[in-house]
Amino acid sequence: MAEFSQELKRSIDAAAELLLKAHYVVGLTGAGISVESGIRHFRGPGGLWTEYGEPPMDGYQRFLADPKGEWGKLIKREGYLKAAYESFEGAKPNPGHYALAKLEELGVLKFLITQNVDNFHRAAGNKNLAEIHGNFFLVRCIKCNSRYPQEEISLEKLPPSCPKCGGIIKIDTVMFGEPIPHDVISKCQEEVYKCDCMLSVGTSAFVYPAAGFPQIVKSRGGTLIEVDPYETALTYMCEVSLRGKSGEILPELVDCIRAKMGR
Ligand code: APR
């Protein structure tokens, strides 16, 4: 059981008050919430990009130019892909994911936007969810936007074709240079424009459009709370910054909220 300083306990209490006072709380999560599940984050010490370098910013254009070749690289798991796939093997949601599912169940968290492709929020029980960078376990048609579980699409012929429209199938995860699918980005924007308090967990807030959502909330008079062991690009805008690991802090935050709700 993590020991929290008096100062951190006071900040957790202040965050609980803000979340309970808010009308429409939206969560935003990044790779940091899955670090305690063994999934690699991207930037900073121990980050995947820190070790392998960021992938080319025109990944999607390269896919469109040679979908067969790019599928070949995916299947061979070249470069950072090997490390990424390995960190997924056997990994499970952690108490941080379950805490956010509990906040949804309590009616405090109205919607959750994740940049993570690991499916852990869905597995932990969140239903009102948008995966803005896609889902690792799905594939998607670039013509009709239909999504399928990976195992339902044969990789014998590359690139695979969409069973519905014959279009080219790619992994559902959004590549650098690829526009966020319309259905996902419009849902995120709809929710962000309802939000008067955003709970940001485990994101460095470097990658747009997700990194812009907290700024939209702030510019419309909303409040921001972050959970991260280190300062982020959002810290200067936050009413409350909870410094520590989300797998330890979020369950404590939920307990504090439940005590105030008498639930
Ligand atoms: N609990 C909470 N936060 C943590 C933890 C933890 N246990 N461990 C690390 N963090 C924080 C780091 O301090 C950092 O601020 O999580 C953040 C992770 O930041 P990034 O690695 O940049 O990940 P993210 O913000 O999700 O990246 C956004 O960039 O490369 C793309 O598509 C990729 O979705 C990803 C996007």
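The values are calculated or read from the model by the stated rules, or taken from the named source; none is laboratory data. Please read all numbers here as calculations on a predicted model, not as lab measurements. All Cβ positions, even for glycine, are placed from backbone atoms using ideal geometry, and neighbour counts span all protein chains on display. All accessible areas refer to the heavy atoms of the entire protein, side chains included, with ligands and DNA or RNA removed. Shrake-Rupley method; radii C 1.70, N 1.55, O 1.52, S 1.80 Å.
Close amide H partners of Cys197, meaning residues 5 or more places away or on another chain with modelled amide H under 5 Å apart, are Tyr24, Val26, Thr223. Compactness ratio for the chain: Cα radius of gyration over 2.2 N^0.38 Å (N = residue count) comes to 1.04. Seen against the Cα atoms of the chain and their longest principal axis, helix 6-21 is set at about 80 degrees.
To the nearest ten degrees, helix 182-192 and the longest principal axis of the Cα atoms of the chain are 10 degrees apart. In summary, the lysines within cross-link reach of Lys164, defined as a Cα separation below 21 angstrom excluding same-chain residues under 8 places away, comprise Lys68, Lys143.
Each Cα pair under 8 Å and six or more residues apart adds its separation to the average, and for the chain the resulting relative contact order is 26 percent. The apolar share of the surface of the chain, taken as the fraction of accessible area on carbon and sulfur atoms (1.4 Å probe, ligands and nucleic acids excluded), comes to 55 percent. Mind checking the angle between helix 246-261 and the chain's longest principal axis? C-alpha axes, 0 to 90 degrees, to the nearest 10. Value to nearest ten degrees: 50. Between Glu190, Glu248, Glu36, the residue with the greatest mean-square fluctuation in the GNM of the chain (Cα pairs under 10 Å linked by springs) is Glu190. For the Cα trace of segment 129-263, dividing Rg by the Kirkwood Rh returns an Rg/Rh value of 1.08.
Counting only DSSP H runs of at least 4 residues, each contributing -39500 (n - 2.57), and dividing by the residue count of the chain, the helix-based mean residue ellipticity at 222 nm comes to -10500 deg cm²/dmol.
A 1.4 Å probe run over the protein chains yields, for segment 5-62, 51 Å² of accessible area per residue, whole-number rounding.
Taking 4.7 Å between beta carbons as the limit, the unpaired Cys residues of the chain are Cys188, Cys195, Cys197, Cys238, Cys256. Please list, or write none, the lysines whose alpha carbon is within less than 17 Å of the alpha carbon of Lys260, excluding same-chain residues fewer than 8 places away. Correct list for Lys260: Lys9, Lys21, Lys102.
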